[in-house]
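Shown next, in structure tokens, is the structure this report addresses.
What follows draws every value from the coordinates through simple rules; no lab data is involved. All of these numbers come straight from a predicted model, not from anything done at the bench. Positions of Cβ are backbone-derived with ideal geometry, glycine not excepted, and every protein chain shown enters the neighbour counts.
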Amino acid sequence: MDINDFARMNHERSVTNDPKKAFDWEYYLIAMSGECGELLNKLKKIKRGDFPLNREEIAEEVTDVLTYTFLLLSELGIDVENAIMKKYEKVNQRLANGGFHVR
Ligand SMILES: [Mg+2]
């Protein structure tokens with residue numbers, strides 16, 4: 001399976017399970033941000049010493065962020081793999097031109 005296959009499958013599942021037709025790009029952006037919050041909350045608790053780093057839990061939260069990120073892109077009709085590669089090449093170009101602090 002490639003990235004776009006996953007993005008399509010993920011989007012189809014989400015739309016199928018949306019009886020109120022409430023899932024739009026704004027919903028996915030809010031959900032993605034919520035998952036970032038969950039990830040940051042885990043980091044807060046690790047930093048505070050509540051519990052040690054658990055890679056499996058971090059992976060799960062990061063995957064939640066990715067899942068909603070893919071849904072957001074799919075809902076906007078953006079080709080996920082193309083968007084990732086386009087940005088990757090843009091960063092490559094920036095690095096080739098002296099790094100992130102050069103505009
Ligand atoms: Mg989560």
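Determine whether residue 16 is of a type in the set (Ser, Thr, Tyr) and exposed (fewer than 15 other Cβ atoms within 10 Å of the Cβ).
Numbers: of a type in the set (Ser, Thr, Tyr): yes; exposed (fewer than 15 other Cβ atoms within 10 Å of the Cβ): yes.
Yes; evaluated as a whole, the condition is true for this residue.
Within segment 67-89, identify whether any single residue is within 16 Å of the ligand (Cβ to nearest atom) and basic (Lys, Arg), and answer yes or no. Please lay out each step first, then the result.
Narrowing segment 67-89 to residues within 16 Å of the ligand (Cβ to nearest atom): 67-72.
Still in the list and also basic (Lys, Arg): none.
No, segment 67-89 contains no residue that is within 16 Å of the ligand (Cβ to nearest atom) and basic (Lys, Arg).
Under 9 Å by Cβ, and 6 or more places apart or on different chains, what pairs join a residue from segment 84-103 that is surrounded by 10 or more Cβ atoms within 10 Å (Cβ to Cβ) with one that is in a loop (DSSP other than H, G, I, E, B)?
91/100; 94/100; 94/102; 94/103
Could you run through segment 1-44 and say how many residues are over 22 Å from residue 83 (Cα atoms) and within 14 Å of the ligand (Cβ to nearest atom)? If you could, list the steps in order and put the result at the bottom.
Looking only at segment 1-44, we keep the residues that are over 22 Å from residue 83 (Cα atoms), and these are 16-22, 34, 37-44.
Okay, now just the ones that are also within 14 Å of the ligand (Cβ to nearest atom), so 34, 37-43.
Matching residues across segment 1-44 total 8.
For residue 24, state whether it is surrounded by fewer than 12 Cβ atoms within 10 Å (Cβ to Cβ) and touching a residue at least 40 places away in the same chain (Cβ under 8 Å). Before you say what the answer is, go through the steps one by one.
On the way: surrounded by fewer than 12 Cβ atoms within 10 Å (Cβ to Cβ): no; touching a residue at least 40 places away in the same chain (Cβ under 8 Å): yes.
Taking the combined requirement at face value, the residue does not satisfy it.
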